[in-house]
There are 4 protein chains.
Amino acid sequence: MRAIVYHGPRDIRVDTVPDPSLCDPDDALVRVTRTAICGSDLHVVHGMPLPERGFALGHEFVGVVEDVGPGVRRVRKGDRVLASCTLGCARCVACRRGLASGCETTTAGGASNLFGFSCALPGGQAEAVRVPYADANLLPVPPALDDERVLFLSDILPTGHMAAELAEVGPGDVVVVFGCGPVGVFAQRCAELRGAARILAVDLDEERLARARARGCDVANPAREDVGARVLELTGGRGADAAIEAVGKPDLVAKACEVVRHGGRVSFVGVVLEPAPFFLGTLLLKNLALRSGIVSPQAHWPKLLPLIESGRLDPTEIVSHRLPLADGVRGYELFDQHADGALKVVLTP
Amino acid sequence: MRAIVYHGPRDIRVDTVPDPSLCDPDDALVRVTRTAICGSDLHVVHGMPLPERGFALGHEFVGVVEDVGPGVRRVRKGDRVLASCTLGCARCVACRRGLASGCETTTAGGASNLFGFSCALPGGQAEAVRVPYADANLLPVPPALDDERVLFLSDILPTGHMAAELAEVGPGDVVVVFGCGPVGVFAQRCAELRGAARILAVDLDEERLARARARGCDVANPAREDVGARVLELTGGRGADAAIEAVGKPDLVAKACEVVRHGGRVSFVGVVLEPAPFFLGTLLLKNLALRSGIVSPQAHWPKLLPLIESGRLDPTEIVSHRLPLADGVRGYELFDQHADGALKVVLTP
Amino acid sequence: MRAIVYHGPRDIRVDTVPDPSLCDPDDALVRVTRTAICGSDLHVVHGMPLPERGFALGHEFVGVVEDVGPGVRRVRKGDRVLASCTLGCARCVACRRGLASGCETTTAGGASNLFGFSCALPGGQAEAVRVPYADANLLPVPPALDDERVLFLSDILPTGHMAAELAEVGPGDVVVVFGCGPVGVFAQRCAELRGAARILAVDLDEERLARARARGCDVANPAREDVGARVLELTGGRGADAAIEAVGKPDLVAKACEVVRHGGRVSFVGVVLEPAPFFLGTLLLKNLALRSGIVSPQAHWPKLLPLIESGRLDPTEIVSHRLPLADGVRGYELFDQHADGALKVVLTP
Amino acid sequence: MRAIVYHGPRDIRVDTVPDPSLCDPDDALVRVTRTAICGSDLHVVHGMPLPERGFALGHEFVGVVEDVGPGVRRVRKGDRVLASCTLGCARCVACRRGLASGCETTTAGGASNLFGFSCALPGGQAEAVRVPYADANLLPVPPALDDERVLFLSDILPTGHMAAELAEVGPGDVVVVFGCGPVGVFAQRCAELRGAARILAVDLDEERLARARARGCDVANPAREDVGARVLELTGGRGADAAIEAVGKPDLVAKACEVVRHGGRVSFVGVVLEPAPFFLGTLLLKNLALRSGIVSPQAHWPKLLPLIESGRLDPTEIVSHRLPLADGVRGYELFDQHADGALKVVLTP
């Protein structure tokens, strides 16, 4: 089958790889109908080294079940389904806590349990995918919702929601969201859903800020104004109740800690993987909580799917480009460069 | 001064009572500019016996500070302020827990700590009110907000919010709200604010249901349809995540327990004061939480005021009638009979 | 095989029933090594009608895995295991919330998902049991712990812990526990574990009260003293922070609501299945939370097993009688009549 | 009066300062009967620069009320009282959230609201202290409890409890506590109170470790063994559920993050005021929560006082030395050098 294949740092290609097949009794085989490119895919393209090569990338996908093993009970051949980016087993103590990201079964021996980062678990930017522990990792899609409307339940909508949860956003809060990329947009939407009184969206890209303003956010461009001063102005000098970092830079995590009030909550979901100086004293002196994490979408589905069904959330708002899977490499480029207003690229196999 | 005075069961009159004055160092004297009639006032008019007579009724009011005692630090003469219906001292262990309703100081000896239910704490349907522990019970009103916009922070907006909190309404929930009176409307609004995917508003009054539908709710009239069946239909047979009773009838509390799913949460804020048969087994078999309470508005102000300021909440939507205080008795009648579409009556001294 | 068999109201006998065998890929077959009689079994014996007959009773058992289906991954032949009384599938939305008691799979069509209440799910007072969804319902037992030490993880220790959780017992609380039967004892132990400053154990049985006193509880016998007055005395007139009903009488649930303070929390885990008058107004006037539920032991195992392993909990303290399974009917009688100091009867097949 | 006075970096002396007197209506004047030296006092002695000089040090003290202003209602002349180290007003939004540490009134203009760090708020290592907002900051001491038994409610017992709260310690947890100084001891005690199954106490001082072992902790000396390996061994390879840093070193905060499991919680209450490299990625990859704060003892008193009264907590266990206030400088030296087994030095004026 055809797939976007990782051949090494800065080397991805649309290529032919072997068709997947059922291996374990809990497996399902999913024919992909829509997939997408995630910001974390760019880290790979930019050279974040992966130990293996030759597998399909991608961890956001929707499709149709083509076959299931004998142990699968909740999805059947022909079901339209959405996959979790993070593979859980539903049985271990981590999965029972709602933390598939730390699944003891699927990460045993240090394995990656994210689709599209290893040969053992190839990704969804492909014509088909084997999904282990299918009952635990696939969500049947209600007929009324088309593929694109649920596609982002694979990862970034739950990630945005987790960000708002980790920052304990609640009614009346003033919330600062650093970043207006796809995850930032969803963090803003979820902060709103949880009752935020005001959301200050921060980004360097004026086009993205304009869209944030259209969504009802206050906006700030740190290239033009002092975000800290702006927050104090919005909050009568107190500081924000919560802040979310959705970019992936240590200094923005520090800034997020700086702009919240005494007793504030900060979460970051940007991928921050380099050590950097960080003043822990801010947490001490201001009684802060700082949280982060890799999302476990399964735990967010029961909350987010009904909101999509009732129309309160329309995740398709972020889709800027639709391309055939065969043009996937161009999709990566557009997304990487914010070219042509690119915010989110959806691919069709 | 003039006030709506309680003279006994079914006997209220606009009358002259002595002017209030400062007694304790923590007192403030508030000249009332807007006040309102609450559903719980109707209980009094309908004959709920009160031990004393001859005092002003009313526990919802906004006004201007006329004088303060030497111990008052956070409000000053001339400040426009909103009062809490429930009087706290801010110092006892209950107040520190956010439960002014159980304030150990103001309820000592079995005293009522609600404005307008006793001679010791006359109410706000009057030209002026003495407010004990002023720092703890008055909220300065931001200049941008007119009186009516904050008036319902005295009681029923916090009550609606508390109802949604006690029912732990969260993102994606299907919530049933019994009652579309003033508190029911605010419970619906607050359920929405906390992220409910769908709200089913239940009432017998078709006009009120029409307004609920206009606010985005699903609606059901139990005179015409089976509410339980409707909930099952809305939830794929599962039952609602949460239910709120905002009417004040034991059988509706039971119904609320019936319509929620296994693990659901139920709150009631209707005034249910008669013993009645109740099947506790529903809580056992369905793992339910049932909560109620008298509101402590102070604890909700930091959440609700910013939402009014940012425009996400506009509490004036419920105001149906505006009358001079002198016509207050007619206001009670209109409200009691739902006459002329009466939903909430605001009075101006 | 031999088992204690339900033949109808007030008719249980040790009898021969067909040996269980594997049916589904997720099944395990467990050879029982220890089982016990639970208070809820007595309801059956006393005449609570069950729709079917001819099956083994019992929902508390430990044993050794004799065989597993091909879909079972976390237990193997020869493993010593403990079973949950409540059968979950680990995959549905209820199980994912930690509420196996409301499992959508195992209760589909109104089925009972408690072992020992139907022909479809015979119980553990038997030589062997088929356990569906074995990965979700069996807990491997650490070698250092003998059978009796973990046996009560099947039901009543988690039930006692759930009672303390639902009553939100926390550091410094004064907690009243109605009932010193097996569940009451564990509710007291778990209240202590969660930091209660004082626990008032209430019972009519002086012998049980003496044991409670030995465990560090304050005690009260309602036949001799006014429990409400005692609580006020213990709490400086305030009322208890939390109360737990572990008997199963509606009037004790009401009493529990009466003895807690404003803002208190009440849980009941006694089986209260008859409708009775109940004054909901207490919840309103005192801002109470009232919760109940059928336990989902799986959710409590990660908390309770380490406490047994480290020795902070020794559940064998309640065992008063050990009998062969063949003498099970006598075990029921002893337990029912509190005869010979009977508190908990353990049976060995 | 006599007091231990700050004269500049590394220069403290027992000296004469002016007697305090009532200034505001909410003030109380407290004659000190017991006071103590806190680890944070050592920072001052070691040269942490303070902007002012000439004031009494100390923020832990118990005494007798000598006089109160007209606005004080809950304490009276002659009452034995305990003071909070952190001064709140009880009225602002921070105090209402239970965060006196961020009190908007007492920290206005950047003022310190800790006793003993400025001329405006001199400390308790003195014969008498003026306590502003007396109702909010003094706790009447039950007659049955002597001064020493409640003295540490001023700061370090609540700090230890806050540490356990921020680390969300709950039943069955394995908890690592870095540090066996006074705060570490109380963090261990409070972790136990909240139901921890095992506590691993870490310190370099073998004598302190021996005491931890006697208290029921597992112990580890990082000079002799690899703490991380030890934690994996204790937890079957999973990592601890929670970790608490009670020393004040950034690398120990990092170590705390390292030893917890996926989804673990970390708090630090050691005074970490130097910027240092910190790998935020640990929080991301392991879904951690990291929290810290300055304690607001008032919020912990209702939980801790009943535990001291019932005997479950005996805070005097840490007292190693008792000296007259006149020998206070020697007390600082003993404490600083861990000389003569010094763990906590109590002073009597």
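Of the residues making up the stretch C:262-301, just one is touching a Cys at 6+ places or on another chain (Cβ under 6 Å) and open to solvent by 20 Å² or more (accessible area, probe 1.4 Å), namely C:282. Look at residue A:97 and say whether it is closer than 24 Å to residue A:74 by Cα and within 9 Å of another protein chain (Cβ to nearest Cβ). Yes, satisfied. Answer with yes or no whether residue C:256 is surrounded by 22 or more Cβ atoms within 10 Å (Cβ to Cβ), more than 9 Å from chain B (Cβ to nearest Cβ) and hydrophobic (A, V, I, L, M, F, W, C). Spelling it out, residue C:256 is indeed surrounded by 22 or more Cβ atoms within 10 Å (Cβ to Cβ), more than 9 Å from chain B (Cβ to nearest Cβ) and hydrophobic (A, V, I, L, M, F, W, C).
Where in the stretch C:110-175 are there helices (runs of 4 or more DSSP H), lying wholly inside it, with at least 3 residues that are surrounded by fewer than 24 Cβ atoms within 10 Å (Cβ to Cβ) and in contact (Cβ under 8 Å) with a residue 12 or more places away in the chain?
Of the helices (runs of 4 or more DSSP H) lying wholly inside the stretch C:110-175, those with at least 3 residues that are surrounded by fewer than 24 Cβ atoms within 10 Å (Cβ to Cβ) and in contact (Cβ under 8 Å) with a residue 12 or more places away in the chain span C:147-151.
Contact map, the stretch A:240-252: residues that are on the phi > 0 side of the Ramachandran plot paired with residues that are part of a loop (DSSP other than H, G, I, E, B) and open to solvent by 10 Å² or more (accessible area, probe 1.4 Å), Cβ distance under 6 Å, separation 6+ or inter-chain. Pairs shown: A:248/A:271.
Any residue in the stretch C:332-341 that is at the interface with chain B (Cβ under 9 Å from one of its Cβ atoms), open to solvent by 10 Å² or more (accessible area, probe 1.4 Å) and in contact with a His (Cβ under 7 Å, 6 or more places away or on another chain)? The answer is no; no qualifying residue exists. Looking at the stretch D:1-106, the strands (runs of 3 or more DSSP E) lying wholly inside it that each contain 3 or more residues that are open to solvent by less than 20 Å² (accessible area, probe 1.4 Å) and either in contact with a Phe, Trp or Tyr (Cβ under 9 Å, 6 or more places away or on another chain) or of a type in the set (D, E, K, R) (or both) sit at D:2-6, D:28-36. The residues of the stretch D:176-187 that are assigned to a helix (DSSP H, G or I), under 20 Å from residue D:254 (Cα atoms) and more than 14 Å from chain C (Cβ to nearest Cβ), listed by number, are D:183, D:184. Among the residues making up the stretch A:307-323, those that are crowded, with 17+ Cβ neighbours inside 10 Å and within 14 Å of another protein chain (Cβ to nearest Cβ) are A:307, A:308, A:309, A:310, A:312, A:313, A:315.
Residues that are small (Gly, Ala, Ser) and within 13 Å of chain A (Cβ to nearest Cβ) within the stretch B:131-162 comprise B:144, B:160, listed in sequence order.
Note on the stretch D:239-262: residues that are within 13 Å of residue D:286 (Cβ to Cβ) and basic (Lys, Arg) total 1.
For (1) within 14 Å of another protein chain (Cβ to nearest Cβ); (2) closer than 19 Å to residue C:95 by Cβ; (3) within 16 Å of the chain's Cα centre (by Cα); (4) of a type in the set (Asp, Glu), each residue gets a yes or a no:
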{"position": "A:73", "(1), (2), (3), (4)": "yes, yes, no, no"}
{"position": "A:77", "(1), (2), (3), (4)": "no, no, no, no"}
{"position": "A:105", "(1), (2), (3), (4)": "yes, yes, no, no"}
{"position": "A:108", "(1), (2), (3), (4)": "yes, no, no, no"}
{"position": "A:111", "(1), (2), (3), (4)": "yes, no, no, no"}
{"position": "A:121", "(1), (2), (3), (4)": "no, no, no, no"}
{"position": "A:125", "(1), (2), (3), (4)": "no, no, yes, no"}
{"position": "A:129", "(1), (2), (3), (4)": "no, no, no, no"}
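Residues in the stretch D:191-214 that are assigned to a loop (DSSP other than H, G, I, E, B) and touching a residue at least 60 places away in the same chain (Cβ under 8 Å): D:205 alone. Filtering the stretch C:177-235 to residues that are acidic (Asp, Glu) and either in contact with a Lys or Arg (Cβ under 9 Å, 6 or more places away or on another chain) or farther than 23 Å from residue D:302 by Cα (or both) leaves C:192, C:203, C:205, C:206, C:207, C:218, C:225, C:226.
Among the residues making up the stretch C:236-253, a single one is more than 10 Å from chain B (Cβ to nearest Cβ), crowded, with 24+ Cβ neighbours inside 10 Å and not hydrophobic (A, V, I, L, M, F, W, C): C:241. I'm trying to understand the selection: among the residues of the stretch B:1-42, which are of a type in the set (S, T, N, Q) and closer than 25 Å to residue B:183 by Cα? Result: B:33, B:35, B:40.
So that you can scan it fast, the table gives a plain yes or no per residue for (1) among the aliphatic types (A, V, I, L, M); (2) in contact with a strand residue (DSSP E or B) (Cβ under 6 Å, 6 or more places away or on another chain):
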| site | (1), (2) |
| --- | --- |
| B:281 | no, no |
| B:288 | yes, yes |
| B:292 | no, yes |
| B:297 | no, no |
| B:300 | no, no |
| B:316 | no, no |
| B:321 | no, yes |
| B:335 | no, yes |
| B:338 | no, no |
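So, residue B:341, is that one out of contact with any helix residue (DSSP H, G or I) (no Cβ under 9 Å at 6 or more places or on another chain) and farther than 22 Å from residue B:44 by Cβ or not? No; evaluated as a whole, the condition is false for this residue.
Considering the conditions (1) over 30 Å from residue B:251 (Cβ atoms); (2) surrounded by fewer than 24 Cβ atoms within 10 Å (Cβ to Cβ), residue C:304 is excluded by exactly one of them, (2). Residue check: is residue D:152 of a type in the set (Phe, Trp, Tyr) and out of contact with any Asp or Glu (no Cβ under 8 Å at 6 or more places or on another chain)? Criteria not met by residue D:152. Looking across the stretch A:215-235 at every residue that is of a type in the set (D, E, K, R) and outside any helix (DSSP H, G or I), the one that is surrounded by the most Cβ atoms within 10 Å (Cβ to Cβ) is identified as A:218.
Exactly one residue out of D:231, D:272 is at pLDDT 95 or above and not hydroxyl-bearing (Ser, Thr, Tyr): that is D:231.
Looking for something at the interface with another protein chain (Cβ under 7 Å from one of its Cβ atoms) and in contact with a Lys or Arg (Cβ under 9 Å, 6 or more places away or on another chain) - is there at least one such residue anywhere in the stretch B:279-287? Yes, some residue in the stretch B:279-287 is at the interface with another protein chain (Cβ under 7 Å from one of its Cβ atoms) and in contact with a Lys or Arg (Cβ under 9 Å, 6 or more places away or on another chain).
For the stretch C:36-71, enumerate the residues that are among the β-branched types (Val, Ile, Thr) and touching a helix residue (DSSP H, G or I) at 6+ places or on another chain (Cβ under 7 Å).
C:37, C:45, C:62, C:68, listed by residue number.
The values are calculated or read from the model by the stated rules, or taken from the named source; none is laboratory data. What you are looking at is a predicted structure, and each value in this text was computed from that prediction instead of being measured. Note: ideal-geometry Cβ built from the backbone for every residue, glycine included; neighbour counts use all protein chains shown. The area values use the complete protein model at the heavy-atom level, side chains included, leaving out ligands, DNA and RNA. Shrake-Rupley method; radii C 1.70, N 1.55, O 1.52, S 1.80 Å.
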